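A short worksheet on the structure shown next.
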Amino acid sequence: MEDTAGSNPQSLGFTEKLKSWLSWSWTYVCFIWFGMVLIMIYVLWSPLKLQETLTSASVFLNTLTPKFYVALTGTSSLISGLILIFEWWYFRKYGTSFIEQVSVSHLRPLLGGVESSKYVYSTNYNRHTIHNTTSSNNNIFLSVECKVWRNPLNLFRGAEYNRYTWVTGKEPLTYYDMNLSAQDHQTFFTGDIPQLRPEDAVMQKAWRERNPQARIRAAYQAIEMNHECAAAYVLLAEEEATTITEAERLFKKALSIGKNGFELGAIFYQCNQSGKDINLLVYIKRRLAMCARKLGRIKEAVKMMRDLMKEFPLLGMLNIHENLLEALLELQAYADVQAVLAKYDDISLPKSATICYTSALLKARAVSDKFSPEAASRRGLSTAEMNAVEAIHRAVEFNPHVPKYLLEMKSLILPPEHILKRGDSEAVAYAFFHLQHWKRAEGALNLLHCTWEGTFRIIPYPLEKGHLFYPYPGCTETADRELLPSFHEVSVYPKKELPFFILFTAGLCSFTAMLAMLTHQFPELMGVFAKAVSTSTHTSQFHYKSCCCKMCRC
């Protein structure tokens, strides 16, 4: 084992050295090969009678009829057109050129380049995970995960999403998004029960129902079985209530009828950190706090969120602090917002658009009212302005889609029930609730407008590595298209540019098609043009040879 382990680094080192040498020498090999070809042509010019060959070729070209040129250009145009159609189809399906993909997959690894990315899809509780694994030159593997999380500020289906559908006739939620929510509810409320009660079995079926009316009927059926089925009242509050006030009433009823079970669940939680009842308790209290926030009782909502975070500190994965940050910003309690950020904007904790952009908002707010691009260009940025700009760059690197929504360069839609961190869905959810807070801070949006695009000059391109965060994952577009409705134009970063080979093939196809059309319409004129081109080429070669002979005599 020791000998094997000791020999591997040597073999790997030799392979890496060989690849490095090939990569370094590739440019010089091309120049050497080109020079050798020119020398060989010069040496073999007389022995192989290349001059006679060129003369005979010129005679052959002069005897060609216009029909030959029509057939030649038409065939070339057809072939290049077929290649263009195939390349375009491959690009639309896989996002890259087929020729470039073959080059990257088979030639680039031999020359010491980066291998293509591989995506592995898996599903887990309350999130959808996509692993993006990239291999670098030194065989170090970096794993970047695209997780679809429950939106901490998701709206109420009956009181908000359905009202939007009634007015516009559009469905703001995708089936994929609602299916994830159904899985969340089943796992969160009944996932740890060894033997389901009859009403729980009905509720599990209710969450799975695709038709809203079928879900509501199942909830009423569960209430008939057990009048103290809190989960059924939760479903009615979410989907049947048409106003926030009515939803709050149903949530309060669910909280009151299950009070004894919740108390037992709290004790069980303190002992085992699990339990269906405690999950339901946290869910109801959180939604009650959101109801209070929507009804204007913001201080009450802040108190409920603080109590919930204090009572259940281990449920940080629910991101209740993001609800708290939004409510504190509405109160303009910026000192309290900074205190929350000091706790959750830590290097060891996962980031979000809410964390990064709220931090940028606080720093921008301190200087934005007096910020002027002209003055800053003359005197330079002060320390506070530099901190604000760096905070904006940090936020934009984490999620580059947010600024267009904050600056109203792109229209907002209702946020989905699940978001993809660093994706367009997270940007929609953040801007939907926080745009008003940026507008309230005088000059903050102006500072954002002047500085956010500078982020992309800092981030390396192509996105093989990041600046302050992990490289931006390439799997965000796929998940966002599943989460966001079809009528919304998904924001993509970085923008997919047409590969060179598609542009080259399109140009070649267009050029040969134009030649074919001109040759068909004006055969005699194009024949004269072709002969003139061949004659000029022959003359230039003759002058080049004469000059070389004179130089040799000198």
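Say we look at segment 293-305 and pick out the residues that are under 33 Å from the mean Cα position of the chain (by Cα) and not aliphatic (A, V, I, L, M); which of these is least open to solvent (accessible area, probe 1.4 Å)?
If we take residues in segment 293-305 being under 33 Å from the mean Cα position of the chain (by Cα) and not aliphatic (A, V, I, L, M), then 293 is least open to solvent (accessible area, probe 1.4 Å).
Being open to solvent by 50 Å² or more (accessible area, probe 1.4 Å) and within 33 Å of the chain's Cα centre (by Cα) is the filter here, so list the residues in segment 201-221 that pass it.
208, 209, 210, 211, 212, listed by residue number.
Conditions first: (1) modelled with pLDDT of 90 or more; (2) touching a Gly at 6+ places or on another chain (Cβ under 6 Å); (3) among the charged types (D, E, K, R). Residue 365 passes all but one, so which condition is the exception?
(2)
How many of the residues in segment 287-335 are among the β-branched types (Val, Ile, Thr) and under 17 Å from residue 435 (Cβ atoms)?
So the answer is 0.
Could you list, in sequence order, the residues of segment 334-350 that are open to solvent by 30 Å² or more (accessible area, probe 1.4 Å) and not hydroxyl-bearing (Ser, Thr, Tyr)?
Residues satisfying the conditions are 335, 336, 338, 339, 342, 343, 345, 346, 347, 349, 350.
Please indicate, with yes or no, whether at least one residue in segment 486-495 is at pLDDT below 80, farther than 22 Å from residue 150 by Cβ and not hydrophobic (A, V, I, L, M, F, W, C).
Within segment 486-495, one or more residues are at pLDDT below 80, farther than 22 Å from residue 150 by Cβ and not hydrophobic (A, V, I, L, M, F, W, C).
Restricting segment 436-450 to residues that are over 15 Å from residue 392 (Cα atoms) and in a helix (DSSP H, G or I), which is least open to solvent (accessible area, probe 1.4 Å)?
Within segment 436-450, the match that is least open to solvent (accessible area, probe 1.4 Å) is 437.
Kindly indicate whether any position in segment 319-332 is modelled with pLDDT of 90 or more, open to solvent by 10 Å² or more (accessible area, probe 1.4 Å) and outside any helix (DSSP H, G or I).
yes
The values are calculated or read from the model by the stated rules, or taken from the named source; none is laboratory data. Only a predicted model underlies this, so the values are computations on that prediction, with no experimental measurement involved. Note that we place each Cβ from the backbone using ideal geometry, even for glycine, and neighbour counts take in every protein chain shown. Side chains included, ligands, DNA and RNA excluded: accessible areas come from the protein's heavy atoms. Shrake-Rupley method; radii C 1.70, N 1.55, O 1.52, S 1.80 Å.
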